[in-house]
Amino acid sequence: MNAIRHRIRRFLDGADIRRFRFWVQLAAFVLLTYGGYLAIDFGSSLPTFSCVFNQEGRAGVCYLFPLQHHTQISWDTVFGWRGVILVTGLVTFVAWLIFLNKAWCGYVCPLGTIQDWLTRLRQALGIRYTALSETTLRRIRPVKFVLLALLIALPLFIVNPIVGATLPDDASVPFCKICPARMVMPLFTGDVSQLSVDFSTVTAMAFTAVGMAITGLFFVGAFMRPRFFCLFCPMSALHYLFKPIGLLRLRKTGDKCTRCGNCYRVCDMQIKAIADDVERRHIMTDDCMMCLKCVAACPERDALQARFMGIPIYRSTEEGFERRFARATRQEHEDQR
């Protein structure tokens with residue numbers, strides 16, 4: 001039994017996480033984008049961009065859409081049935097989130113997968129990516145939390161006056177109207193209706209025009225830098241608020257870290273703390289998407305671990321690092337032939 005357990009552990013520690021992630025992402029993309037055609041429905045509280053505007057193909061709904069609807073609630077009904085609906089949706093969202101934690105971003109999110117495909121295209125074309133400075137990253141980091149606060153606050157003030165006035169009804173789902181998923185995801189089922197500016201009201205025109213501009217930036221940014229949109233994503237911010245109760249966690253043992261910097265060099269989100277911070281055990285930051293590339297790139301045994309319910313399921317080892325390095329070298333030589 002011990003021999004079998006050792007072989008399983010050796011197989012897992014030496015696994016090619018990039019290849020595994022590619023196939024999981026592809027399967028999740030197909031399921032969430034086309035599952036609706038097979039009557040698959042995971043509900044309306046998914047912690048990922050399964051866009052409601054992909055009306056026929058979607059296999060569930062991104063939680064940000066109902067969250068904005070549910071927060072359009074008057075103060076006097078907070079403790080009534082509207083409040084119960086709001087709490088029920090949030091609890092369901094957390095129930096989904098708790099299993100994969102922020103790996104929903106790295107392995108399941110369709111928008112994230114599209115960005116990774118654009119990165120592969122850039123690499124195939126031999127175009128170098130643009131790295132952001134630490135100062136720029138620090139300035140950008142709060143944006144996702146500001147967007148999260150606004151997408152909750154704006155619907156709230158549609159029915160609750162601000163200095164004697166309420167916001168127009170057009171602001172009921174403000175983030176969805178500017179989110180690139182609204183324009184991008186329906187395209188995969190042949191729906192181009194969202195690629196337009198709504199001139200019905202001034203508010204609708206402003207939101208949809210901004211949405212078109214952001215969609216353009218989504219493609220340009222994703223082509224120039226890995227996971228560009230994720231730096232601003234309010235869903236990522238919402239994940240981070242509940243990360244302490246997640247069953248899947250990223251753990252670092254600082255006294256085993258040599259600060260070689262491998263983890264930082266492979267990190268698409270340029271998280272410097274993964275290399276520099278040797279004090280904290282739970283190293284996951286708000287920008288982390290738990291792709292686990294850092295674990296794969298680490299040559300020190302147990303310096304980095306992915307743990308599920310406290311059990312190591314993927315960890316850094318010297319042998320695993322050498323196997324992955326040899327595999328990558330062989331692949332590079334084959335590509336050059």
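Below is a table of values for the structure above.
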| quantity | calculated |
| --- | --- |
| Residue within region 160-168 that is of a type outside the set (Phe, Trp, Tyr) and assigned to a helix (DSSP H, G or I) present | no |
| Failed item, numbered, when residue 52 is tested on (1) in contact (Cβ under 8 Å) with a residue 60 or more places away in the chain; (2) within 30 Å of residue 293 (Cα to Cα); (3) among the aliphatic types (A, V, I, L, M) | (2) |
| Residue identified as buried (at least 20 other Cβ atoms within 10 Å of the Cβ) and more than 19 Å from residue 145 (Cβ to Cβ) among 243, 252 | 252 |
| Of residues in region 141-163 being among the β-branched types (Val, Ile, Thr) and surrounded by 14 or more Cβ atoms within 10 Å (Cβ to Cβ), the one nearest to the chain's Cα centre (by Cα) | 143 |
| Total residues in region 275-294, condition surrounded by fewer than 22 Cβ atoms within 10 Å (Cβ to Cβ) and farther than 24 Å from residue 146 by Cα | 9 |
| Long-range neighbours under 6 Å by Cβ, at least six apart or interchain, first residue surrounded by 18 or more Cβ atoms within 10 Å (Cβ to Cβ) within region 212-226, second of a type outside the set (Lys, Arg) and not in a helix (DSSP H, G or I) | 221/228; 222/228; 225/129; 225/130; 226/268 |
| Neighbours by Cβ (under 7 Å, 6+ apart or cross-chain): first from region 129-145, polar (S, T, N, Q); second part of a helix (DSSP H, G or I) and surrounded by 11 or more Cβ atoms within 10 Å (Cβ to Cβ) | 130/224 |
| Selection within region 152-195 - small (Gly, Ala, Ser) and modelled with pLDDT of 90 or more | 181, 190, 193 |
| Selection count, region 265-303, where residues are closer than 14 Å to residue 106 by Cα and of a type in the set (Asp, Glu) | 3 |
| Qualifying residue in region 128-143 (condition: over 28 Å from residue 227 (Cβ atoms) and in a helix (DSSP H, G or I)) | no |
| Restricting region 255-274 to residues that are of a type outside the set (D, E, K, R) and more than 24 Å from the chain's Cα centre (by Cα), the residue that is surrounded by the most Cβ atoms within 10 Å (Cβ to Cβ) | 257 |
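So that you can scan it fast, the table gives a plain yes or no per residue for (1) at negative phi; (2) in contact with a Lys or Arg (Cβ under 8 Å, 6 or more places away or on another chain); (3) at pLDDT 95 or above; (4) surrounded by 16 or more Cβ atoms within 10 Å (Cβ to Cβ):
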residue	(1), (2), (3), (4)
28	yes, no, yes, yes
48	yes, no, yes, yes
64	yes, no, yes, yes
73	yes, yes, no, yes
84	yes, no, no, no
95	yes, no, yes, no
103	yes, no, yes, yes
108	yes, no, yes, yes
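The values are calculated or read from the model by the stated rules, or taken from the named source; none is laboratory data. Please read all numbers here as calculations on a predicted model, not as lab measurements. When we count neighbours, we look across all protein chains shown, and the Cβ atoms used for this are built from the backbone with ideal geometry, even at glycine.
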